[in-house]
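Q: I am attaching a structure below and will ask some questions about it afterwards.
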Amino acid sequence: MTWFSLEAFVPLLLIGNVLPVLPIFVSQTEELDKHAQRRLATQCLLAGGAVAAVLIVGGPLLFKVLGITIYDLAIAGGLILFVFTVYDLLFSRHRRKSRAVRSAQEEQQDEGDAPGVVPLGIPIMVGPAVLTACLTLSKLYGIVPTLIAMAVNVAINWVILFFGGRLNSWLGPGVMRVVSSVMALMLSAIAISMVRHGLTGIIGGLS
């Protein structure tokens, strides 16, 4: 049994990497000291990772009950990921995530709350695109390899957030946009590959 799958790791790295949305996290936590920022980053990543893990483990069972095949999921998941990546290429992931931040900020202002796991953890770091990828990849490559891939990505994101302030000032918005665009382009190719895999499987089953 393969414990680690590069095919599961790369899509999660591209869609779930926090580098393109790092300015959002930094701006939302600038009033906190470094210790509080790192504690909040840990809480956000653990919360998002826990939600993703539940879907990775429970998703295949749900699909089996509903009669959804691996090819159905490959097509649906690939199309959804492709839509997200096209939006990110035309605009930016930062802009897409900023809408969720503004909505949550309005609620926090009404309730007098400080930035928390919502929206910084969910949906900023782990949003619909990441969750869709988790469901699709767990069906394509297995539960354990996808869980390990998710855990490695959470660790990578924690390192990025640990040095968030320095990285944000060093890279700047221009580099962030370039990184986001390159990741979106690569992920769009993976999404098309998923759709092709699903269509090939369905057509092959009919012949």
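Q: Which members of the range 162-187 meet the condition of being of a type in the set (A, V, I, L, M) and more than 27 Å from Ile80 (Cα to Cα)? First the steps, then the outcome.
A: Just the residues of the range 162-187 that are of a type in the set (A, V, I, L, M), to begin with: 167, 171, 175-176, 178-179, 182-187.
Correct list: Leu167, Leu171.
Q: Being touching a residue at least 12 places away in the same chain (Cβ under 8 Å) and not in a loop (DSSP other than H, G, I, E, B) is the requirement here; does Leu61 meet it?
A: Values: touching a residue at least 12 places away in the same chain (Cβ under 8 Å): no; not in a loop (DSSP other than H, G, I, E, B): yes.
No.
Q: Ile15 passes all but one of (1) over 25 Å from Leu199 (Cβ atoms); (2) at pLDDT 85 or above; (3) touching a Phe, Trp or Tyr at 6+ places or on another chain (Cβ under 8 Å); which number fails?
A: Every listed condition holds for Ile15 apart from (1).
Q: Go through the range 116-154 and count every residue that is in a helix (DSSP H, G or I) and either in contact with an Asp or Glu (Cβ under 6 Å, 6 or more places away or on another chain) or more than 18 Å from Val26 (Cα to Cα) (or both).
A: Within the range 116-154, the first condition is being in a helix (DSSP H, G or I), and the residues that meet it are 117-125, 128-141, 143-154.
This time we only want the ones that are either in contact with an Asp or Glu (Cβ under 6 Å, 6 or more places away or on another chain) or more than 18 Å from Val26 (Cα to Cα) (or both), so: 128-141, 143-153.
The qualifying residues number 25.
Q: Hey, another quick one. Quick check: is even one residue across the range 183-191 in a helix (DSSP H, G or I), of a type in the set (Gly, Ala, Ser) and on the phi > 0 side of the Ramachandran plot? Don't jump to the end; show me each part of the working.
A: Of the residues in the range 183-191, the ones in a helix (DSSP H, G or I) are 183-191.
Those left that are additionally of a type in the set (Gly, Ala, Ser): 184, 188-189, 191.
Retained after the next criterion (residues that are on the phi > 0 side of the Ramachandran plot): none.
Looking through the range 183-191, none of the residues is in a helix (DSSP H, G or I), of a type in the set (Gly, Ala, Ser) and on the phi > 0 side of the Ramachandran plot.
Q: Collect the residues in the range 152-167 that are among the hydrophobic types (A, V, I, L, M, F, W, C) and under 16 Å from Ile15 (Cβ atoms), keeping them in residue-number order.
A: Pass one, the range 152-167, residues among the hydrophobic types (A, V, I, L, M, F, W, C): 152, 154-156, 158-163, 167.
Hits for the range 152-167 are Val152, Val154, Ile156, Ile160.
Q: Another question, then. Is it the case, given these coordinates, that Ile124 is among the aliphatic types (A, V, I, L, M) and either more than 17 Å from the chain's Cα centre (by Cα) or modelled with pLDDT under 65 (or both)? Give the steps one after another, and end with the answer.
A: Working: among the aliphatic types (A, V, I, L, M): yes; either more than 17 Å from the chain's Cα centre (by Cα) or modelled with pLDDT under 65 (or both): no.
Answer is no for this residue.
Q: Quick check on the range 1-57: of everything there that is assigned to a loop (DSSP other than H, G, I, E, B) and of a type in the set (A, V, I, L, M, F, W, C), which residue is nearest to Met186 (Cα to Cα)? Spell out how you get there, then give the answer.
A: We begin by selecting, within the range 1-57, every residue assigned to a loop (DSSP other than H, G, I, E, B); these are 1-5, 17-18, 29-33.
Retained after the next criterion (residues that are of a type in the set (A, V, I, L, M, F, W, C)): 1, 3-4, 18, 32.
Values: Met1: 28, Trp3: 24, Phe4: 21, Val18: 16, Leu32: 35 Å.
Residue satisfying both the conditions and the ranking: Val18.
Q: Anything in the range 180-202 that is modelled with pLDDT of 80 or more and within 30 Å of Ala36 (Cβ to Cβ)? List them, or say none.
A: Initial filter on the range 180-202 (modelled with pLDDT of 80 or more): 181-202.
Met183 - this is the single residue of the range 180-202 that is modelled with pLDDT of 80 or more and within 30 Å of Ala36 (Cβ to Cβ).
Q: Answer yes or no as to whether Met176 is buried (at least 22 other Cβ atoms within 10 Å of the Cβ) and either within 28 Å of Val54 (Cβ to Cβ) or at pLDDT below 90 (or both).
A: Values: buried (at least 22 other Cβ atoms within 10 Å of the Cβ): no; either within 28 Å of Val54 (Cβ to Cβ) or at pLDDT below 90 (or both): yes.
Against the criterion (buried (at least 22 other Cβ atoms within 10 Å of the Cβ) and either within 28 Å of Val54 (Cβ to Cβ) or at pLDDT below 90 (or both)), Met176 does not qualify.
Q: Right, next: Looking at the range 86-95, can you tell me whether even one residue there is surrounded by 21 or more Cβ atoms within 10 Å (Cβ to Cβ) and either assigned to a helix (DSSP H, G or I) or in contact with a Gly (Cβ under 8 Å, 6 or more places away or on another chain) (or both)? Outline the logic, then answer.
A: First pass over the range 86-95, keeping only residues surrounded by 21 or more Cβ atoms within 10 Å (Cβ to Cβ): 88, 93.
With the extra rule that they be either assigned to a helix (DSSP H, G or I) or in contact with a Gly (Cβ under 8 Å, 6 or more places away or on another chain) (or both), the set shrinks to 88, 93.
Yes: one or more hits.
The values are calculated or read from the model by the stated rules, or taken from the named source; none is laboratory data. Because the structure is predicted, anything quoted here is derived from the model rather than measured. Note that we place each Cβ from the backbone using ideal geometry, even for glycine, and neighbour counts take in every protein chain shown.
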